[in-house]
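Only one structure is covered here, and it is reproduced in the block below.
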Amino acid sequence: MTKSFVLRSGERGHDVIYSDGSASSYVAGHPGSFIARESSFNFHQYQGGRPGFGTIRVFGDEVFNGAGCGYNMHPHHNFIICAFVLEGELTHINTAGRGMVDQLRQGDYYVFSAGSGGKHCELSISPENMNAIYLWLMPGQLYLPPSYHRAHFDIRTRRNRIVQLVGDADGALPVAQDLRVSRLVTDRAGRFTYTPRTPEHGVYVFVVDGGATVNEVALARRDSMGITGAGALALDVPDSSDVFFVETAMLDDARIRAWEKAHGADLID
Amino acid sequence: METPLTRWLCLGCGFSYDEALGLPEHGLPPGTRWTDVPDDWVCPDCGTPKSQFEMVEMGYADGGADLARIA
């Protein structure tokens, strides 16, 4: 049985966190810098939405505004954190292995598995705004050895096909979870098919730019939907579009089940 | 039969609480049930409230439980 939900752009959780005042130790940057965060799922103060989808706990569309803006060094365990840079430049510092400082630009992305413990820092050093998608995933096991991998998705040469960025495909970044992240960037109209490895896997589809009609549901910029029980997803893309797919094993999770029970209308059969 | 011991994950940072291990340095001896952790307890790493922890059914990676014991 196919089940799905649709989350429109404006229905996402909205947070603005300033670099001065109460969050000044958490948020870096000159006074007046701020992070604008649109959350597809519950995160920090935003607890009004769906608690997650499969192994996904955070899907954040974040903009770091102002020179030096970002998150200061802070600790994590266990979560697998991925960032996909859409615009601007992200300086990422982490303590995995021997530790590292990395700079990521448009098309660059990383997978940081915090595992048994690690810290990271996310900064936009220049005055140019930085926009990235942040994805947090439940790991397959607790206390894995921390790891960091990064790669580049070339928007110019990899158009008009669905490319796997994270998962088990050739060249995709490895992840210690039953999960795949793929991306479709188009410059012409077309029809595409996304096939999850089994119908039991859920697929979260997020339209970064442009639009897409997914199994007859029209999604505009920053709209998204989650689908389970589908053998394949049929996508009609009008012209220039940018679409992310996060395919995940579905966990039987008490928090998500309780939320769905209380919001029955959001889970469409 | 006694309920199996559970594990909980902080949704703010991923810190894990394991009933079997407790957090002796934070006054929670091994075997402390999640229901017996005070309601006003917060994540020692990031301050996230107890209500925003999620129960997880996950094993430890090789050697992970020993690292968790000293986390």
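Values in this text are rule-based calculations from the coordinates and carry no lab data. Predicted, not measured: the structure shown is a model, and the values here were computed from it. Virtual Cβ from ideal backbone geometry, glycine too; neighbours counted across all protein chains shown.
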With label points set 7 Å from each Cα along the Cα-to-Cβ direction at B:A20 and A:R150, the distance between them in nm comes to 3.7 nm
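Roughly how big is the protein assembly as shown's charge dipole about its Cα centre, with Cβ charges of +1 (Lys, Arg) and -1 (Asp, Glu), in debye to the nearest 20?
Dipole size: approximately 560 debye.
For A:R98 and A:D20, calculate 0.36 nm times their separation in residues minus their Cα-Cα distance, and state this gained length in nm to one decimal.
Result for the pair: 24.9 nm of gain on full extension.
Tell me, what is the FRET efficiency for A:N215 and B:D62 to the nearest 0.05, using R0 = 35 angstrom and their Cβ-Cβ distance as r?
Details: r = 41 Å, r/R0 = 1.18.
Computed FRET efficiency for A:N215 and B:D62: 0.25.
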In whole angstrom, the spacing between the Cα centers of the range A:121-147 and the range A:153-197 equals 19 Å
Partner shielding of A:142-150, as the mean number of partner chain Cβ atoms within 10 Å, equals 4
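Return the FRET efficiency for the residue pair A:N160, A:H30: r is the Cβ-Cβ distance, R0 is 41 Å, and the value is rounded to the nearest 0.05. Mind showing how you got there, number by number?
Working: r = 41 Å, r/R0 = 1.00.
Efficiency, from the Cβ-Cβ distance: 0.50.
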Relative intensity, log₁₀ I(q)/I(0), of the range A:1-41 from a Debye sum that treats every alpha carbon as a point, q = 0.27 Å⁻¹: -0.86
Suppose each label sits 7 Å from its Cα in the direction of the beta carbon; what would the A:R188-A:D252 distance come out to in nanometres? 4.8 nm
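In square nanometres and to one decimal, what's the mean projected area of the convex hull around the Cα atoms of the range A:3-264?
Numbers: hull surface 53.6 nm².
If I average the Cα hull's projected area over directions, I get 13.4 nm².
So, by mean Cβ neighbours within 10 angstrom, what's the order for A:138-144, A:126-132 with the highest one leading? Display every interim value, and only then the final one.
Details: A:138-144: 21.4, A:126-132: 17.6.
Highest-to-lowest ranking by the protection proxy: A:138-144, A:126-132.
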Given just the C-alpha atoms of chain B, how large is their convex hull per residue in cubic angstrom? 95 Å³
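So what's the back-of-envelope 222 nm ellipticity for the protein assembly as shown, counting only DSSP H runs of four-plus at -39500 (n - 2.57) apiece and dividing by all residues, rounded to 500? List each step's numbers first, then the result.
Working: 2 runs with 15 residues, N = 340.
Computed ellipticity for the protein assembly as shown at 222 nm equals -1000 deg cm²/dmol.
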